[in-house]
1. What order, most packed first, do the peptides 7-18, 262-273 have when packing is the mean number of other Cβ atoms within 10 Å of each residue?
2. Relative to a virtual label point 7 Å from the Cα of residue 130 in the Cα→beta-carbon direction, which members of the stretch 259-303 show backbone nitrogen distances below 20 Å?
3. Just checking my list (i) 30.6, 92; (ii) 19.0, 58; (iii) 23.7, 86 against Rg and Dmax of the Cα atoms in Å computed from this structure; which label fits?
4. Order these peptides, 246-257, 71-82, 276-287, by their mean beta-carbon neighbour count within 10 angstrom, highest first.
5. Checking the a/c ratio against 1.5 first, then a/b against b/c, what shape does the Cα gyration tensor give for the stretch 131-291?
6. Which of 10, 23, 97 sits closest to the plus end of the dipole of the chain, meaning its Cα is farthest towards the positive end, when Lys and Arg get +1 and Asp and Glu get -1 on the C-beta?
7. Which distance in nm do the two modelled labels at residue 285 and residue 105 give, with both placed 7 Å along the Cα-to-Cβ direction?
8. Can you tell which of 154, 212, 190 lies farthest toward the positive end of the dipole of the stretch 131-291, using +1 and -1 charges on the Cβ of basic and acidic side chains (Lys, Arg; Asp, Glu)?
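Here, each number is a calculation from the coordinates, and none is a lab measurement. As the structure is a prediction and not an experimental result, all values here were calculated from the model. When we count neighbours, we look across all protein chains shown, and the Cβ atoms used for this are built from the backbone with ideal geometry, even at glycine.
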Amino acid sequence: MKIGIDIGGSHIGIGLIDDKGIIIDKEERYIINSSEKSTQLEIKQENLKQELEEFIINKINQYKQTIKIENVGIAVPGTVNKTTIIRAVNLDLENYNIAQILEEKTNVRVHLRNDAKCSALAELKYGNLKGYENGMFLCIGTGIGGAIVYNGKVLEAKNVPGYEFSHMIIQKNGIQCNCGKRGCFEAYSSIKRFKEKIAKEFCLDNLNNNYIKEFIINNLNDVRLRYIISQYIENLAIGISNLINIFEPEIIVFGGGFVDYSDILLEPLKQQILTTNLLFNKRDDIILKLAKLGNDAGIIGASLNDKTPIFNE
């Protein structure tokens with residue numbers, strides 16, 4: 001058995017995974033922003049490292065009591081190497097050698113990977129990227145994570161994961177991003193940003209996905225809401241079209257919170273990309289799909305052995 005851990009911008013999930021990529025057991029805790037109401041158990045920001053470590057160590061040791069653990073992998077939203085979170089801007093974590101800490105407490109080998117790369121690996125092995133030579137995975141949630149599949153393998157830079165699509169500039173001197181730059185793709189096109197704009201415009205005090213989606217569905221005739229949706233889709237299409245122009249993928253698979261709003265956003269996004277003057281090479285054959293594994297893709301991908309093929313030369 002293997003353990004996959006997904007540390008997201010708003011949650012941490014731990015799963016026990018069998019050799020077929022099936023989650024046998026899973027537990028989640030949620031990191032909740034002060035502006036987001038939830039009945040879920042919260043992890044307080046000021047004690048984030050301590051809470052993460054305690055939760056993970058307890059679950060690993062719990063599983064070890066009855067099951068032989070072959071591998072523990074952690075998916076992280078940011079720049080990592082195999083042992084250290086170098087920088088995760090949405091969690092305010094830097095140079096955090098979490099793997100060493102966990103190994104010392106559990107006597108189990110632990111490795112790290114970027115979360116979008118983990119999700120892409122899982123979708124490539126078990127999900128909607130399977131069978132495609134060239135594709136793209138975009139995890140659109142608290143931030144935007146990305147991965148490229150080239151010749152059947154996930155691309156990764158040599159020393160760091162790379163392919164930080166979220167921090168390409170789509171607006172000069174634009175909105176301040178958590179990374180310190182201005183005008184980043186993520187600052188305009190994350191689902192978090194989408195929800196915050198709606199909440200601010202309509203004085204809502206709840207950023208829960210189900211609440212915001214229900215509000216949208218019930219107010220689709222509101223001119224202000226339609227404008228926000230239109231602007232969001234336009235910004236998202238600009239960023240994605242830039243990536244299409246560079247990588248020319250056969251398929252783009254979407255994960256993260258975007259999936260919760262896909263029935264509202266996916267078709268208009270596709271039309272914006274294909275029918276406006278955004279693509280250098282005109283295309284009508286790009287396949288847009290949602291992650292088959294949903295929010296479990298990160299956990300399943302993290303559990304894969306860290307020798308799973310990644311093209312980095």
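1. Top to bottom by mean Cβ count within 10 Å: 7-18, 262-273.
2. Backbone N within reach: 287-303.
3. So the structure-derived entry is (ii).
4. Details: 246-257: 21.2, 71-82: 23.8, 276-287: 11.5.
Averaged packing, sorted descending, gives the order 71-82, 246-257, 276-287.
5. Details: a/c = 1.75, a/b = 1.46, b/c = 1.20.
It comes out prolate by the Cα gyration axes.
6. Going by the Cα projections, it comes out as 97.
7. A separation of 5.1 nm, rounded to one decimal place.
8. Projecting each Cα onto the dipole axis, the largest value belongs to 190.
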